[in-house]
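Report on one structure; see the data block that follows.
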């Protein structure tokens, strides 16, 4: 499914290279306005509500920017890994090791919340996508070697399925794009639905 951006300008409230590439590869030329928000959320929130809340906060923040053209669709997104608790991005070697050790040989879920707001119009939508990921039983050395690449440190759950850790994924149930941080086809469906509303 390719949607041309000429008729549908999009503002991406993120500097994520993966989200930018996915949109560009599929017909969009998004205006990039990263949203600097406080990502602290209540521990009482369900993981689905948490990712949708953060995605909406990002989209609303970007909507305040004067560069956003009237009528443009502003897209906010937030991705987390979940196994008994929300697992964010590791900040150092020890945290990355602990995360990947915890996920080893087990299944976890990747949740992405996406918010769509049309600038200057009341139309908006928020949704989440869930994908289950099953990891192989990799070794301690595999974890250490991967962390040394530097790849885990800007990734939810400390890994990239499209990068060096992909070989340790046994299989997935659901949308692979979602594991990369943006469920593009669900986004395209929701955008088309909002345009019709």
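In a fully extended conformation the segment linking residue 25 and residue 137 would gain 37.0 nm over its present Cα-Cα distance, using 0.36 nm per residue. Note on mean projected area of the Cα convex hull in nm²: of the candidates (i) 11.1; (ii) 10.4; (iii) 14.9, the value calculated from this structure sits at (i).
Considering only alpha-carbon pairs that sit under 8 angstrom and 6 or more positions apart, the relative contact order computed for region 5-196 is 21 percent. In this structure, residue 123 and residue 176 have a Cβ-Cβ separation that, at R0 = 30 Å, corresponds to a calculated FRET efficiency of about 0.55.
Highest mean packing first, where packing is the average number of other Cβ atoms within 10 Å per residue, the peptides 96-105, 18-27, 50-59 line up as 50-59, 96-105, 18-27. Each label was represented as a point 7 Å from its Cα along the Cα-to-Cβ direction; for residue 38 and residue 195 these points are 3.7 nm apart.
Which percentage, to the nearest 5, of the DSSP beta bridges contained in the chain is antiparallel?
Beta bridges within the chain, antiparallel portion: roughly 85 percent.
A straight line joining the Cα centroids of region 32-54 and region 148-175 runs 22 Å.
Values in this text are rule-based calculations from the coordinates and carry no lab data. Everything numeric in this text was worked out from a predicted model, so none of it was measured. Counting neighbours? That spans all protein chains shown, and the Cβs are built from the backbone with ideal geometry, glycine included.
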